[in-house]
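Peer 1: One structure, pasted below without further comment.
Throughout, read-outs are computed from the coordinates displayed, never taken from laboratory work. No experiment lies behind these values; they were computed from the predicted model shown. Every residue, glycine among them, receives a Cβ derived from its backbone with ideal geometry; neighbour counts consider all protein chains shown.
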Amino acid sequence: MAKKQIISVQQAVIMTGRSERRIQLACQTGELRAEKIGRSWHIEKTSVNEYIRKIVKAEKARAKRAQKKGRK
């Protein structure tokens, strides 16, 4: 069984380009698989990779909608 890679909020911020607060909210809401130990969030790295794919997919969809809207 593979050991889970755990990263900090700061590492997730660097990976995603999102703010520290946005990452913390994603942890709180369950968007990111994370565990709070004391005052720190410990985030599964695979969860961050999935989150990045979700962000990219949403941004592509948003750009496509904007492009369609501009054609009308």
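Peer 1: Considering only residues that are free of Cβ contacts under 8 Å to residues at least 40 places away in the same chain and among the β-branched types (Val, Ile, Thr), look in the range 1-16 and name the one that is surrounded by the fewest Cβ atoms within 10 Å (Cβ to Cβ).
Peer 2: Checked the range 1-16; the qualifying residue surrounded by the fewest Cβ atoms within 10 Å (Cβ to Cβ) is Ile14.
Peer 1: Just the residues that are among the hydroxyl-bearing types (Ser, Thr, Tyr) and out of contact with any strand residue (DSSP E or B) (no Cβ under 8 Å at 6 or more places or on another chain), please, taken from the range 23-72.
Peer 2: Thr29, Ser40, Thr46, Tyr51 - these are the residues of the range 23-72 that are among the hydroxyl-bearing types (Ser, Thr, Tyr) and out of contact with any strand residue (DSSP E or B) (no Cβ under 8 Å at 6 or more places or on another chain).
Peer 1: While we're looking at this one, here's another question. Give the residues of the range 17-60 that are surrounded by 14 or more Cβ atoms within 10 Å (Cβ to Cβ), among the polar types (S, T, N, Q) and touching a Lys or Arg at 6+ places or on another chain (Cβ under 8 Å), sorted by residue number.
Peer 2: Passing the criteria: only Ser47.
Peer 1: Anything in the range 33-72 that is part of a helix (DSSP H, G or I), hydrophobic (A, V, I, L, M, F, W, C) and either without any contact (Cβ under 8 Å) to a residue 24 or more places away in the chain or farther than 27 Å from Val9 by Cα (or both)? List them, or say none.
Peer 2: Once the filter is applied, which keeps residues that are part of a helix (DSSP H, G or I), hydrophobic (A, V, I, L, M, F, W, C) and either without any contact (Cβ under 8 Å) to a residue 24 or more places away in the chain or farther than 27 Å from Val9 by Cα (or both), the range 33-72 yields Val56, Ala58, Ala61, Ala63, Ala66.
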